[in-house]
Amino acid sequence: MAATDQEGASATVGARAPAFNLVDQAGNQIRLSSFKGRKVLVYFYPKADTPGCTTQACGLRDIAAEVGDTVILGVSPDEPAKLARFDEKYGLGFTLLSDPDHVTAEAYGAWGTKRMYGKEYQGVIRSAFLIDEAGRISHAWPKVSPKDTPANLLTALGSG
């Protein structure tokens, strides 16, 4: 069950990042607040083990050694068991969080109307947010391309 501590929170640059407490791929409860004092990339993706999401996750895996102490957290509506298979299949090595009722995605503005083949539906809007050591959003990339996520992170950290 996803939970946020701030109803109606806005995920804009300079704002306090919406708090969350989600289950990871190993079944552990993960709170954003447990990373205070570290930079955190929180990125939202639609579905594990699909082409775009795999490109994005593997790109972040490939630069993980270059981001120092920055934490990478991937968030999707997938159940923990599916996230564990995704992590294992690609050797991602970072935390994947399950947000099945998309409460956290909504708090970050990463849930909304999408269109495909002329149909409208509700789903994850691929987005990424860099949260600073004090818990504020320092960078936001709404509707980000899967392959741009790693480059954006490196640039924001001054590594790219």
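Within segment 125-143, can you find the residues that are out of contact with any Gly (no Cβ under 9 Å at 6 or more places or on another chain) and either more than 23 Å from Ala64 (Cβ to Cβ) or modelled with pLDDT under 95 (or both)? So that I can check it myself, show each step before the final result.
Pass one, segment 125-143, residues out of contact with any Gly (no Cβ under 9 Å at 6 or more places or on another chain): 128-132, 135, 139, 141, 143.
Scanning segment 125-143 gives a single hit, Lys143.
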Has segment 55-74 got at least one residue that is touching a Ser or Thr at 6+ places or on another chain (Cβ under 6 Å), surrounded by fewer than 17 Cβ atoms within 10 Å (Cβ to Cβ) and within 22 Å of Ala15 (Cβ to Cβ)? no
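Across segment 10-53, what is the number of residues that are assigned to a loop (DSSP other than H, G, I, E, B) and of a type in the set (Phe, Trp, Tyr)?
Residues of segment 10-53 assigned to a loop (DSSP other than H, G, I, E, B): 10-15, 17-20, 25-28, 36-39, 45-50.
In the following step, the residues that additionally are of a type in the set (Phe, Trp, Tyr) were identified as 20, 45.
Of the residues in that region, 2 qualify.
In the set Pro146, Pro142, which member is of a type outside the set (D, E, K, R), farther than 16 Å from Arg16 by Cα and in contact with a helix residue (DSSP H, G or I) (Cβ under 9 Å, 6 or more places away or on another chain)?
Details: Pro142 fails: in contact with a helix residue (DSSP H, G or I) (Cβ under 9 Å, 6 or more places away or on another chain).
So the residue among Pro146, Pro142 that is of a type outside the set (D, E, K, R), farther than 16 Å from Arg16 by Cα and in contact with a helix residue (DSSP H, G or I) (Cβ under 9 Å, 6 or more places away or on another chain) is Pro146.
With respect to Gln122, is the statement that it is over 13 Å from the mean Cα position of the chain (by Cα) and at pLDDT 95 or above true? If you could, list the steps in order and put the result at the bottom.
Working: over 13 Å from the mean Cα position of the chain (by Cα): yes; at pLDDT 95 or above: no.
Considered against the rule, which asks whether it is over 13 Å from the mean Cα position of the chain (by Cα) and at pLDDT 95 or above, Gln122 comes out as no.
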What pairs can you find where one residue is in segment 39-64 and closer than 16 Å to Ala84 by Cβ, the other is charged (D, E, K, R) and surrounded by fewer than 18 Cβ atoms within 10 Å (Cβ to Cβ), and their Cβ atoms are less than 8 Å apart, with a gap of 6+ or different chains? Ala48/Lys82; Ala48/Arg85; Asp49/Lys82; Asp49/Arg85; Asp49/Lys89; Cys53/Lys47
Residues in segment 27-38 that are in contact (Cβ under 8 Å) with a residue 12 or more places away in the chain and in contact with a strand residue (DSSP E or B) (Cβ under 9 Å, 6 or more places away or on another chain): how many? 6
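The values are calculated or read from the model by the stated rules, or taken from the named source; none is laboratory data. Just so you know, these numbers come straight off a predicted model, no measurement behind them. Here the Cβ is made from the backbone with ideal geometry for all residues, glycine too, and neighbour counts use every protein chain on show.
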